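The values are calculated or read from the model by the stated rules, or taken from the named source; none is laboratory data. Every value quoted in this text rests on a predicted model; they were computed, and no experiment measured them. Backbone-built Cβ (ideal geometry, glycine too); neighbour counts: all protein chains shown.
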Amino acid sequence: MRLITPLLLCALLPLQTAVAAGVHQHGVAQLDLVLDPPMLAVSIRSPLANLVGFEHRPMSEQEQADWTSLQQQLQQAGHLLQLPAAADCSLSKVALHQPFKETDTHDAHSHSHDQHDHSSDDEYQEHADLMVEYHYLCADSAQLKQLQLPLMKHYPGIERLDVQLITPSGQHLSQLRQGETLLELP
Ligand SMILES: [Zn+2]
């Protein structure tokens, strides 16, 4: 996989930089897909609020539990997207980009009293995006005619999914609305 990753990143980066500026809009998420047979890369970027209801570092036990649960869900690619079985794709990599800065995670902070004032941290972390990437190798990528996106059902906070596709047929833009789970691959 070492050779593959840089190629896919090169393909993805122009898309991400094109949409990255100021895209943090609650209710909107972004899916970028690059199909370069036999490789398929899908990256999903969303305001954290769409997925878990908050964007600060988890503070309460409930928030910590929700955040842990979300990370576990994201590790299971099938929870977000499902590929046609005929394409015979195998997941080669999952990369979850942490939305929180790692700098202030010492225990004294996370275990402090309820009265502890977190507001100064929150001001730096008003908004946070979550990004996850899934990389596949597909034995018969000609069968990749459509994807199912159960993420649109699991995360109703995503009201609109902006989709950019790069496939052997070119670059395509698409949009899914809340509850729509079928994505055609041109
Ligand atoms: Zn936000």
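Points to keep in mind about this one:
- Any chance G157 is under 22 Å from the mean Cα position of the chain (by Cα), modelled with pLDDT under 95 and within 20 Å of Q25 (Cβ to Cβ): no
- Checking E63, E55 one by one, the residue that is over 30 Å from D140 (Cα atoms), within 16 Å of the ligand (Cβ to nearest atom) and at pLDDT below 95 is E55 and no other.
- Conditions (1) at pLDDT below 95; (2) within 16 Å of the ligand (Cβ to nearest atom); number of the one not met by L9: (2)
- Tally, over segment 146-186, of residues that are in contact (Cβ under 8 Å) with a residue 24 or more places away in the chain and of a type in the set (G, A, S): 2
- Strands (runs of 3 or more DSSP E) fully within segment 127-186 that include at least 1 residues being of a type in the set (S, T, Y) and under 11 Å from L35 (Cα atoms): 129-138, 160-167.
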